[in-house]
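Engineer: Please see the structure below; I have some questions.
The values are calculated or read from the model by the stated rules, or taken from the named source; none is laboratory data. A quick note: this is a predicted structure, and the numbers were derived from the prediction, not measured. Neighbour counts run over all protein chains shown; Cβ positions are idealised from the backbone, glycine included. Note: accessible area is taken over every heavy atom of the protein model, side chains too, but ligands, DNA and RNA are not part of it. Shrake-Rupley method; radii C 1.70, N 1.55, O 1.52, S 1.80 Å.
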Amino acid sequence: MGPIGLFCIRKTLLDGRLSGFAAVLGASTVDALYCAIAGLGISFISNFLTNEKTLIRLAGGLILIIIGVKFFFTKPADKTPETKGGGLLSSFFSAALLMLTNPLAIIVFSAAFTALGVHGWKWNYSLTAALVLGVFAGSALWAPLLITLLSLFRFQFNGSQLILINRVAGAILFGFGLAVCLTTGMN
């Protein structure tokens with residue numbers, strides 16, 4: 001459970017079940033995109049993400065710090081708001097943006113393909129499509145159970161407990177972001 005998982009949990013607890021689902025789908029979409037890039041051997045994009053990982057990691061760390069500060073100081077609503085279309089899109093794209101700033105995913109997919117003896121699936125589109133769909137499904141399917149469980153507990157939290165959740169989530173995200181920024185360029 002990393003910063004993206006924490007982001008999705010917080011979205012569920014404070015903005016409702018649909019917002020949590022939208023956030024998970026945003027993250028899962030980027031997982032599938034990175035899998036497709038690695039699986040198809042799209043060298044330009046893969047090389048760019050690998051070569052610019054320092055800048056991308058730094059941007060991701062700064063985004064995590066900003067989100068952490070925002071979460072830390074946000075007071076939760078008294079009741080779960082009705083999530084409108086714009087709120088769902090915001091949840092989707094916020095999680096997708098956070099995932100896009102993690103080029104480590106494409107490196108992990110590339111390493112996994114190499115370890116499995118898969119070298120450039122650019123000519124076998126059906127196998128690549130099956131793999132990408134599998135990654136998307138695996139990334140997205142764990143979430144409904146988690147989000148359903150979290151949404152059941154949403155109404156059992158009082159205002160001060162929700163503020164504590166915000167503060168803890170904000171501090172953890174801030175810490176992740178700070179760690180990423182401080183270690184960028186060291187590896």
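Engineer: Please identify the pairs in which a residue from segment 4-23 that is on the phi > 0 side of the Ramachandran plot has its Cβ atom under 6 Å from the Cβ atom of a residue that is surrounded by fewer than 24 Cβ atoms within 10 Å (Cβ to Cβ), counting only partners at least 6 apart or on another chain.
Structural biologist: Partner pairs satisfying both residue conditions: 16/80; 16/83.
Engineer: Can you confirm whether residue 58 is touching a Gly at 6+ places or on another chain (Cβ under 9 Å), assigned to a helix (DSSP H, G or I) and modelled with pLDDT of 80 or more?
Structural biologist: yes
Engineer: Select from segment 140-156 the residues that are open to solvent by less than 80 Å² (accessible area, probe 1.4 Å) and at pLDDT below 80 and list them in ascending order.
Structural biologist: 143, 144, 146, 147, 148, 150, 151, 154
Engineer: What are the residues in segment 8-23 that are open to solvent by less than 10 Å² (accessible area, probe 1.4 Å) and at pLDDT 85 or above, if any?
Structural biologist: 19, 20, 23
Engineer: Only one of 173, 133, 97, 127 is in a helix (DSSP H, G or I), at pLDDT below 85 and under 30 Å from residue 17 (Cβ atoms). Can you tell me which?
Structural biologist: Residue meeting the stated conditions: 173.
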